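Trainee: Pasting a structure here, questions to come.
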Amino acid sequence: MATDRRKAVLLFGAPGVGKGTQGRILGQIPGFFHLSSGDVFRSIDIESPEGQEIYKYSSRGELVPDELSIRIWKQGLDARATLSMYKPRKDILILDGIPRNVEQAKILEQYIDVLKVLHLTCSDEEEMIHRIRHRAIRENRADDANESVIRRRFEVYREESAQVLSCYPEDIVAHIDAIGSPAGVLLACLEQLVPVQDAHFRGEHTS
């Protein structure tokens, strides 16, 4: 099983910290493939049983149950590999939005080999809430429009998601200040990721 695990980098941080923005940019670089669990979830048919179950939780700002989250995420990943959008042997996954808690991190160990964790940090929670509400208007995302739901998501992050960092060795976790220009944050991310991709590239060509 271990040899089948997908090489991955985790984009980690509180809601609104910029994981999606950085993930989308990094995903344009050959050799990286960005997969957002939020995008996977939003692509589910809301009328389907799984879609209804997801909406029941997301509309309250709650986490979707672990088994359902991982199942839908894995379906999304496999579908993209089948369509050759994602090439498992060549591409390093850039994941954001998963794992959301310690239990998910443990379940994911059978599927992914985490090479690096980019922890995007922001000490100004109100700034992040402002970002999310602005994003809701710009991207027509109903789940981001309700401030009480947004604040509940921060509570859930502090209670459950923040503990995920302890699942990974300190030497693969990089803390990056997410306040600043997108290009500046991108540069900090690339400083961490270029050595990871270089090592992966060398291994691919020497194996």
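The values are calculated or read from the model by the stated rules, or taken from the named source; none is laboratory data. Only a predicted model underlies this, so the values are computations on that prediction, with no experimental measurement involved. Cβ atoms come from the backbone with ideal geometry, glycine included; neighbour counts cover every protein chain shown. These area figures cover heavy atoms from the full protein model, side chains too; ligands, DNA and RNA do not enter into them. Shrake-Rupley method; radii C 1.70, N 1.55, O 1.52, S 1.80 Å.
Trainee: Does at least one position in the range 8-26 carry a residue that is open to solvent by 70 Å² or more (accessible area, probe 1.4 Å), closer than 18 Å to Phe201 by Cβ and not aliphatic (A, V, I, L, M)? Working first, answer last.
Mentor: Just the residues of the range 8-26 that are open to solvent by 70 Å² or more (accessible area, probe 1.4 Å), to begin with: 24.
Still in the list and also closer than 18 Å to Phe201 by Cβ: none.
Looking for residues that are open to solvent by 70 Å² or more (accessible area, probe 1.4 Å), closer than 18 Å to Phe201 by Cβ and not aliphatic (A, V, I, L, M), one finds none in the range 8-26, hence no.
Trainee: Restricting to the range 175-189, count the residues that are part of a helix (DSSP H, G or I), in contact (Cβ under 8 Å) with a residue 60 or more places away in the chain and surrounded by 14 or more Cβ atoms within 10 Å (Cβ to Cβ).
Mentor: Taking the range 175-189 as the starting set, the residues that turn out to be part of a helix (DSSP H, G or I) are 182-189.
Among the residues that remain, those that are also in contact (Cβ under 8 Å) with a residue 60 or more places away in the chain are: 182, 185-186, 189.
Cutting the leftovers down to surrounded by 14 or more Cβ atoms within 10 Å (Cβ to Cβ) gives us 185-186, 189.
Of the residues in the range 175-189, 3 are part of a helix (DSSP H, G or I), in contact (Cβ under 8 Å) with a residue 60 or more places away in the chain and surrounded by 14 or more Cβ atoms within 10 Å (Cβ to Cβ).
Trainee: Next up: Can you pull out the residues in the range 129-159 that are out of contact with any helix residue (DSSP H, G or I) (no Cβ under 8 Å at 6 or more places or on another chain), in a helix (DSSP H, G or I) and either at pLDDT 80 or above or within 19 Å of Leu63 (Cβ to Cβ) (or both)? Explain how you work it out, then say what you get.
Mentor: First, pick out the residues of the range 129-159 that are out of contact with any helix residue (DSSP H, G or I) (no Cβ under 8 Å at 6 or more places or on another chain): 130-131, 134, 137-140, 146, 148, 152-153, 155-159.
Those left that are additionally in a helix (DSSP H, G or I): 130-131, 134, 137-139, 148, 152-153, 155-159.
Of everything in the range 129-159, those that are out of contact with any helix residue (DSSP H, G or I) (no Cβ under 8 Å at 6 or more places or on another chain), in a helix (DSSP H, G or I) and either at pLDDT 80 or above or within 19 Å of Leu63 (Cβ to Cβ) (or both) turn out to be Ser148, Arg152, Arg153, Glu155, Val156, Tyr157, Arg158, Glu159.
Trainee: On to the next question. Among the residues of the range 160-174, count how many are open to solvent by 40 Å² or more (accessible area, probe 1.4 Å), in contact with a helix residue (DSSP H, G or I) (Cβ under 9 Å, 6 or more places away or on another chain) and under 15 Å from Leu10 (Cα atoms).
Mentor: 3
Trainee: Among the residues of the range 73-117, write down those that are open to solvent by less than 40 Å² (accessible area, probe 1.4 Å) and of a type in the set (Phe, Trp, Tyr). Explain how you work it out, then say what you get.
Mentor: Looking only at the range 73-117, we keep the residues that are open to solvent by less than 40 Å² (accessible area, probe 1.4 Å), and these are 73, 76-77, 81, 86, 91-99, 101, 104-105, 108, 112-114, 116-117.
Scanning the range 73-117 gives Trp73, Tyr86.
Trainee: Quick one: is Arg202 modelled with pLDDT under 95 and farther than 30 Å from Asp113 by Cβ? Working first, answer last.
Mentor: Working: modelled with pLDDT under 95: yes; farther than 30 Å from Asp113 by Cβ: no.
Against the criterion (modelled with pLDDT under 95 and farther than 30 Å from Asp113 by Cβ), Arg202 does not qualify.
Trainee: Next up: I need the full set of residues from the range 70-98 which are under 18 Å from Arg42 (Cβ atoms) and touching a residue at least 60 places away in the same chain (Cβ under 8 Å), in order please.
Mentor: Passing the criteria: Leu77, Ile94, Leu95, Asp96, Gly97, Ile98.
Trainee: Would you be able to say whether some residue in the range 43-59 is among the basic types (Lys, Arg) and surrounded by 13 or more Cβ atoms within 10 Å (Cβ to Cβ)?
Mentor: First, the residues of the range 43-59 that are among the basic types (Lys, Arg): 56.
Cutting the leftovers down to surrounded by 13 or more Cβ atoms within 10 Å (Cβ to Cβ) gives us none.
So far as the range 43-59 goes, no, none of its residues is among the basic types (Lys, Arg) and surrounded by 13 or more Cβ atoms within 10 Å (Cβ to Cβ).
Trainee: Taking the range 22-65 only, how many residues are assigned to a helix (DSSP H, G or I), at pLDDT 90 or above and not hydrophobic (A, V, I, L, M, F, W, C)? Reasoning before the result, please.
Mentor: First pass over the range 22-65, keeping only residues assigned to a helix (DSSP H, G or I): 22-26, 37-42, 49-58.
Filter again for at pLDDT 90 or above, leaving 22-26.
This time we only want the ones that are not hydrophobic (A, V, I, L, M, F, W, C), so: 22-24.
Looking only at that region, the number is 3.
Trainee: Somewhere in the range 21-41, is a residue out of contact with any strand residue (DSSP E or B) (no Cβ under 9 Å at 6 or more places or on another chain) and of a type in the set (Gly, Ala, Ser)?
Mentor: no
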